[in-house]
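In what follows, a single structure is set out as structure tokens and then discussed.
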Amino acid sequence: MTQVSMTVNGKTVSGDVEGRTLLSSFLRDHLSLTGTHVGCDTAQCGACVVHVNGEAVKSCNMLALEADGAEVGTIEGQANPDGSLNVIQQAFQDHHGLQCGFCTPGMVMSAAALLKENPRPTEAEIRKYLEGNLCRCTGYHNIVKAIMAASGQDVSHIAAE
Amino acid sequence: MYNFEFKSPSTIADAVAALAGEDAQALGGGQTLIPTMKQRLAAPATLVRLGGIPELKGVCVEDDGSIAIGAATTHATVAREVADKYPALADLAGHIGDPAVRNRGTIGGSLANNDPAACYPAAVLGSGAMVVTNSRQIAADDFFQGMFTTALDEGEIITSVRFPVPQAASYQKFLQPASRFALVGVFLARFADGVRVAVTGASEEGVFRWAEAEQALNKEFRPDALMDLRVNPMNMIGDLHGSKEYRAHLVGVMTRRAVQACI
Ligand SMILES: Cc1cc2nc3c(=O)[nH]c(=O)nc-3n(C[C@H](O)[C@H](O)[C@H](O)COP(=O)(O)OP(=O)(O)OC[C@H]3O[C@@H](n4cnc5c(N)ncnc54)[C@H](O)[C@@H]3O)c2cc1C
Ligand code: FES
Ligand code: FES
């Protein structure tokens, strides 16, 4: 066992892990932050996307020890300080950007990374950025619409699906 | 995944020393190796992380104008930092997998792995780049030795890759949408002394140069110059995503598109 320390959603945390412990397992099993979902465990679906030093990564495809000393952000850290939903989360609710909700943590984390990089993305840019986030329910339209709305763009011309 | 000892050296020398141990393996971005270890197709006793070595990271322009990219530089960094220096290379890096994969995966890992459908091998072979390791320099033409096989020795690590910058270049990727790798990808680079055409995704032998196309394009740099050329479907990959004949056909189509993009 090796000790690993990192900052998760602004709090310093540490724990004893094996070499093979994935970042997703560390978050879910050691820290009980089960908002990060594991859909495929093969780096395909994006349900496990978190931020490491501000960048979106698939936490099922990274070792916990690789995140030693890093700043990690998960879905649990996304809400506003008063506990209300942040702009992206609220937009997902307003525009029905989720059905079963399994993909949603990864979608929201990817959307946050996109909007940081590109504050007013086009529809095509949003679809391209979400290439690695799979959703089995929504058909994507309302996810794309929610992200456009979260970026402050008018989505009234986009028909509800 | 079997357990292993994790080491994170901060210099190339320490990494090379750690890799001399029995069953030690380098860890780049882990985007290929971690899934492989989960499937127990790889089970190193020691994993030596290269991501903590500053000398392996970053992009710089050499005195002769070539671009040197550290082996542990991520696809996302290459896409960003070479955009104005070598647009075709930046475009290739920016279309590998998806954003989260590009934030972790590295050029060194991609080349060492030499997946027959990977993108970077086409850029390196198509550009005639030089692969620099901890002990020597290997020309692209000697580096790739068939599917998942390279000239690297046991314990040898790629430290950087040096790309000469062509007059014009284009990477044309026919996407395999499920894996997001190339079903067929063609990297074409036009230098003052000739054209190089490298094809990935298509051949059972891994990335290869299409010599007949290069000759034809050296005579006449137009898509039509390739109209009568065919690659032999015999050596092509045939699987549920595309038959040998289909891939052979795509090689021609993607090469012509690359020429068009360079005109
Ligand atoms: C969902 C998904 C989609 C992808 N799509 C594409 C795509 O479209 N095109 C594409 O080209 N690739 C694609 N990839 C693969 C990706 O580019 C990987 O990043 C790359 O193949 C391996 O790089 P890595 O840094 O992650 O290496 P790792 O997975 O860490 O290592 C791979 C191999 O290289 C060795 N190695 C690593 N670094 C070095 C070094 N510096 N010197 C010597 N040996 C080294 C390791 O020991 C291991 O054997 C995809 C991957 C995923 C998960
Ligand atoms: S659980 Fe990590 S990508 Fe699917
Ligand atoms: S809402 Fe069910 S998978 Fe996306």
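Every number in this text was worked out from the coordinates using simple rules, so none of it is lab data. None of the values given here were measured: they were computed from a predicted structure. Note: ideal-geometry Cβ built from the backbone for every residue, glycine included; neighbour counts use all protein chains shown.
With helices as the sole contributors, chain A gives -7000 deg cm²/dmol at 222 nm; each DSSP H run of n ≥ 4 counts as -39500 (n - 2.57), and the sum is divided by every residue. Comparing B:202, B:72, B:216, which has the greatest mean-square fluctuation in the GNM of chain B with Cα pairs linked when under 10 Å apart? Fluctuation is largest for B:216. Protection proxy ranking of A:127-138, B:37-48, B:94-105, by the mean of other Cβ atoms within 10 Å over each peptide's residues and highest first, is B:94-105, A:127-138, B:37-48.
Longest exposed-loop-site-free stretch of chain B, with GluC sites (Glu not before Pro), DSSP loop and at most 15 other Cβ within 10 Å? Result for the longest clean stretch: B:63-153.
Applying 0.36 nm per residue to the separation of residue B:85 and residue B:261 and subtracting their alpha-carbon distance, the gain on full extension is 61.6 nm. Peptide A:17-25 has a mean of 4 when you count, residue by residue, the C-beta atoms of other protein chains within 10 Å of its C-beta. Projecting the alpha carbon convex hull of chain A along each direction and taking the average yields 9.0 nm². In this simple spin-label model, placing a label point 7 Å from the Cα along the Cα-to-Cβ direction at both residue B:60 and residue B:204 gives a separation of 4.5 nm.
Taking a straight Cα-Cα cut-off under 27 Å and skipping sequence neighbours fewer than 8 places away in the same chain, the lysines within cross-link reach of residue B:85 are A:116, A:128, B:57, B:173. Measuring how big region B:168-262 is from its alpha-carbon positions, Rg and Dmax come out at 12.6, 40 Å. Residues B:171, B:246, A:140, ranked from the fewest to the most other C-beta atoms within 10 Å, line up as B:246, A:140, B:171.
For residue B:41 and residue A:157, a Förster radius of 45 Å and the Cβ-Cβ distance give a FRET efficiency of 0.35, rounded to the nearest 0.05. Measuring nothing but alpha carbons in the protein assembly as shown and taking Rh as the Kirkwood radius, the Rg to Rh ratio lands at 0.98. With springs only between Cα atoms under 10 Å, which of B:143, B:191, B:163 fluctuates most in a Gaussian network model of chain B? Result for chain B, Cα springs under 10 Å: B:191 fluctuates most. Starting from the Cα gyration tensor of region B:105-263, take the square roots of the eigenvalues, sort them a ≥ b ≥ c, and report rounded, prolate or oblate (rounded when a/c is under 1.5, otherwise prolate if a/b is larger than b/c, else oblate). Judged from the Cα gyration tensor, region B:105-263 comes out oblate (a/c at least 1.5, b/c at or above a/b). Building the convex hull from the alpha-carbon atoms of region A:2-77 and averaging its projection over directions returns 4.2 nm². Take the Cα of residue B:229, go 7 Å toward its beta carbon, and the backbone nitrogen atoms of region B:245-263 under 13 Å from that spot belong to B:251-260. Membrane-span-like helices in chain A, defined here as complete DSSP H runs extending at least 18 Å along the helix axis by their C-alpha atoms with mean Kyte-Doolittle hydropathy no lower than -1.0, are A:104-117; this is a sequence and geometry rule, not a statement about a membrane.
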